[in-house]
Amino acid sequence: MNEFEVNCINKPDRQNRHEHITHIGNKDGAWRLTRETAIQRIEAKTEAFYTVDEQTGKRAYIGVVREDGKAPYLRTHADGKWNDNLLAQPECDATCSVI
C-alpha cells in the first residue's frame, strides 16, 4: 500500500465545524484529491493518507467516518483515538492540482 502525507485541505467555510473537507492534498507534491476519491482509495486499502504532528513528529492516519444519515467524511486518528489533526492543516492553494 502506498502512503502519502497530507499537509493541506480545502473546506468551504473553515470556521464552520459542520462543513466537510472537500479536498486533501500536499503542497510539496502539488496535488489534491477530492474527498470522494480519498474515501474510495482508503476503503479499497490501495492508499493510506496521514498528517504529521509538528510537535511530536508522529503520524496521524486519515480514516473514513460513517454515521447514520450523514455523508461519509475524513478524520485523522492516532493512538486509537479520533482527533482534529486534519482540520489543523492550512488551505491547499492553486498550485495543488486535482489528480
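The values are calculated or read from the model by the stated rules, or taken from the named source; none is laboratory data. Remember, it's a predicted structure, so these values are computed and weren't measured experimentally. With ideal geometry, Cβ positions are generated from the backbone for all residues, glycine too; neighbour counts draw on all protein chains shown. SASA here: full protein model, heavy atoms, side chains in, ligands and nucleic acids out. Shrake-Rupley method; radii C 1.70, N 1.55, O 1.52, S 1.80 Å.
In this structure, is residue 61 of a type in the set (Phe, Trp, Tyr) and without any contact (Cβ under 8 Å) to a residue 40 or more places away in the chain?
Values: of a type in the set (Phe, Trp, Tyr): yes; without any contact (Cβ under 8 Å) to a residue 40 or more places away in the chain: yes.
For residue 61, the condition - of a type in the set (Phe, Trp, Tyr) and without any contact (Cβ under 8 Å) to a residue 40 or more places away in the chain - is met.
Listed by first and then second residue, the pairs linking a residue in the stretch 12-35 that is open to solvent by less than 50 Å² (accessible area, probe 1.4 Å) and at pLDDT 90 or above to a residue that is of a type in the set (D, E, K, R) and outside any strand (DSSP E or B), with Cβ atoms under 7 Å apart and 6 or more places separating them unless they lie on different chains, are 21/11; 21/35; 22/11; 22/35; 23/35.
Taking the stretch 67-89, which residues are touching a strand residue (DSSP E or B) at 6+ places or on another chain (Cβ under 7 Å) and open to solvent by less than 60 Å² (accessible area, probe 1.4 Å)? Selection gives 72, 73, 74, 76, 78, 83, 85, 86, 89. Residue count for the stretch 3-38, restricted to those that are touching a helix residue (DSSP H, G or I) at 6+ places or on another chain (Cβ under 9 Å) and over 15 Å from residue 73 (Cα atoms): 1.
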